[in-house]
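S.K.: Mind looking over this structure? Questions follow.
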Amino acid sequence: MMSNKFTRFALAAVLAGSVAPAFGQATKPATKPAAPTAAAVVPDDLVGPQLAIRAQQAFSRGEYATALPMLRKMAAEAEGQPAKLSSIQERIRVSEKALASAKAEADKKVAQGVDPKAAPAAGRPDATPEARKPHVPPAAGAVYDTEIQALGNFEYDQEKGGNIPADVAKLSGSKVRLKGYMIPMDQADNITQFALVPSLFACCFGQPPQIQHTIVATTPKGKSVGYTADEILVEGTLKVQEKKDDGYIVSVFEMDVASVKLAPKG
């Protein structure tokens, strides 16, 4: 369950813009990596509270290339304010790690002959009602091991909703295991809720995933995870339900997290 108004805003922002992760207490193939976007330039007159708002909006969307220069400007403004500066520096660290990981992800895709800027699931023929493969719920006690995009292998009307396939809805309550990348939704450290997305590259540079390819993951009460920009393997109990905030659909998949591990390389 989403814990507060801010986390619901953060998830809406992720969708609209488009470490030790163990539990702790408390198209045409590209020939070279695409230059995702030019480094964001922060206007000279963007300062103080407005700068902080814009930086947090970009950070909450996972648009780290946009957030990073603004956060660095905030850090310069916060010199001599240790508590405030520490929070900003943590978000800078998250942004820098995410961007480095996104570049590595893009390089890997290019080596495989894949355009890293392509939207992997948009318009996929296997997502149409006629072609998609229905899901079969796992047996009692078993874990459904799948991919995020395979889980969301259906076309979804993000504005109107109401068209989650029956076989997907029947997965609610099942144990699942998914690989993906973390976008913190509550804070940059001691994370209790995050969006699990299939590509960090896309989010970093303003290409948000579709709502059916975003999993809202929540840790057990009193537990948290540390941020990592590496691909992770998350296991837990899936919830399938349209969630709305102020009339807007903000999620269709949530997960009560049981474990978070680094995904195997390769």
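Readers should treat all values here as calculations from the given coordinates under stated rules, not as data from a laboratory. None of the values given here were measured: they were computed from a predicted structure. When we count neighbours, we look across all protein chains shown, and the Cβ atoms used for this are built from the backbone with ideal geometry, even at glycine.
S.K.: Arranged from highest to lowest average of other beta-carbon atoms within 10 Å per residue, in what order do the peptides 100-112, 73-85 appear? Intermediate values should be presented prior to the final figure.
M.R.: Working: 100-112: 16.7, 73-85: 13.5.
Taking the mean over residues of other Cβ atoms within 10 Å, the ranking is 100-112, 73-85.
S.K.: Apply the Karplus parameterisation 6.51 cos²θ - 1.76 cosθ + 1.60, with θ equal to phi minus 60°, to every residue of segment 256-262 and state each ³J(HN,Hα) to the nearest whole Hz, in sequence, with x for glycine and proline.
M.R.: 7, 6, 9, 7, 10, 9, 5
S.K.: Let me ask something additional. Could you bin all the Cα-Cα distances of segment 29-111 into 5 Å bins starting at 0 and give me the percent of pairs in each, rounded to whole numbers?
M.R.: 3, 15, 23, 21, 15, 9, 7, 4, 1, 0
S.K.: Taking only the alpha-carbon atoms of segment 70-227, what semi-axes of the equivalent ellipsoid follow from 5 times the gyration tensor eigenvalues under a square root, in whole Å, largest first? Could you put the intermediate results ahead of the total?
M.R.: Numbers: eigenvalues 222, 84, 40 Å².
Sorted largest first and rounded, they come to 33, 20, 14 Å.
S.K.: What ³J(HN,Hα) values, in whole Hz, does the Karplus curve 6.51 cos²θ - 1.76 cosθ + 1.60 give for segment 190-199 when θ = phi - 60°, with x put for Gly and Pro?
M.R.: Ordered by residue, 3J(HN,Hα) equals 6, 6, 10, 8, 8, 8, 9, 10, x, 9 Hz.
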